[in-house]
1. Within the stretch 75-84, is even one residue closer than 18 Å to L4 by Cα and within 13 Å of the chain's Cα centre (by Cα)?
2. Which count do you get for residues in the stretch 9-29 that are part of a strand (DSSP E or B) and either in contact (Cβ under 8 Å) with a residue 40 or more places away in the chain or at positive phi (or both)?
3. All but one of (1) without any contact (Cβ under 8 Å) to a residue 60 or more places away in the chain; (2) touching a His at 6+ places or on another chain (Cβ under 7 Å) hold for P84; state the number of the condition that does not hold.
4. Before we move on, is G66 within 25 Å of E137 (Cβ to Cβ) and under 11 Å from the mean Cα position of the chain (by Cα)?
5. I'm trying to understand the selection: among the residues of the stretch 95-108, which are loosely packed, with under 15 Cβ neighbours inside 10 Å and in contact with a Leu (Cβ under 9 Å, 6 or more places away or on another chain)?
6. What about L5, is it assigned to a loop (DSSP other than H, G, I, E, B) and either among the basic types (K, R) or surrounded by 13 or more Cβ atoms within 10 Å (Cβ to Cβ) (or both)?
7. For the stretch 107-128, indicate whether the set of residues that are β-branched (V, I, T), farther than 19 Å from L5 by Cα and under 16 Å from the mean Cα position of the chain (by Cα) is non-empty.
8. With the checklist (1) in a loop (DSSP other than H, G, I, E, B); (2) free of Cβ contacts under 8 Å to residues at least 40 places away in the same chain; (3) under 19 Å from E109 (Cβ atoms) in hand, flag the one item G37 doesn't pass.
Amino acid sequence: MRFLLVDHIDELEPGRRVLARSTVPHDLELFRDHFPGFPVMPGVLLTEMMGQAAAKALDAERLPRGKALLAKILSASFRDWVRPGDQCTLRSTISANEARYANAECELEVRGQVVAQCKLMFTFMPVEKFAPGFRDEQLDAFLANRGEPS
């Protein structure tokens with residue numbers, strides 16, 4: 001399974017908010033078991049999808065504190081199923097942004113309806129702890145298109 005769950009960044013204000021999209025692939029192996037005859041995306045992966053979008057808003061600040069990593073799910077709720085082929089709209093607003101942690105309030109919409117929400121806490125990992133040359137190519141490309149340094 002691929003674990004990069006954000007396909008496209010539509011809008012981004014570094015450290016403040018992000019609007020992104022993700023299309024749920026039809027061919028994910030997990031759909032064979034979750035659930036046979038009624039494939040749905042697990043809530044934990046919906047939460048991860050929202051977290052990855054929020055992390056892009058934090059990482060876009062390019063602060064020396066490092067890369068945002070999900071530390072805690074403060075709350076999560078799911079109102080409807082997300083199925084193979086659904087296009088998800090991801091909205092995240094950073095509600096707290098401190099040197100050692102950040103919080104985000106996130107929503108996931110399908111066909112204009114909010115189907116999942118969560119509040120997440122992030123911590124930061126110094127970039128030097130990642131593999132040499134690690135880059136978020138998607139975020140770099142988005143920022144470069146806006147004329148911002150990557």
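None of the figures in this text is laboratory data; all of them are computed from the coordinates on show. Quick caveat, the model's predicted, so the values are computed rather than measured. Because the Cβ atoms are built from the backbone with ideal geometry, glycine has one as well, and the counts that use them run over all protein chains shown.
1. There is no residue in the stretch 75-84 that is closer than 18 Å to L4 by Cα and within 13 Å of the chain's Cα centre (by Cα).
2. Summing the residues that are part of a strand (DSSP E or B) and either in contact (Cβ under 8 Å) with a residue 40 or more places away in the chain or at positive phi (or both) in the stretch 9-29 gives 10.
3. Evaluating P84 over (1) without any contact (Cβ under 8 Å) to a residue 60 or more places away in the chain; (2) touching a His at 6+ places or on another chain (Cβ under 7 Å) leaves (1) as the failure.
4. Judged against the criteria, G66 is not a match.
5. The answer is A99, and nothing else.
6. yes
7. yes
8. Condition (3) is where G37 drops out.
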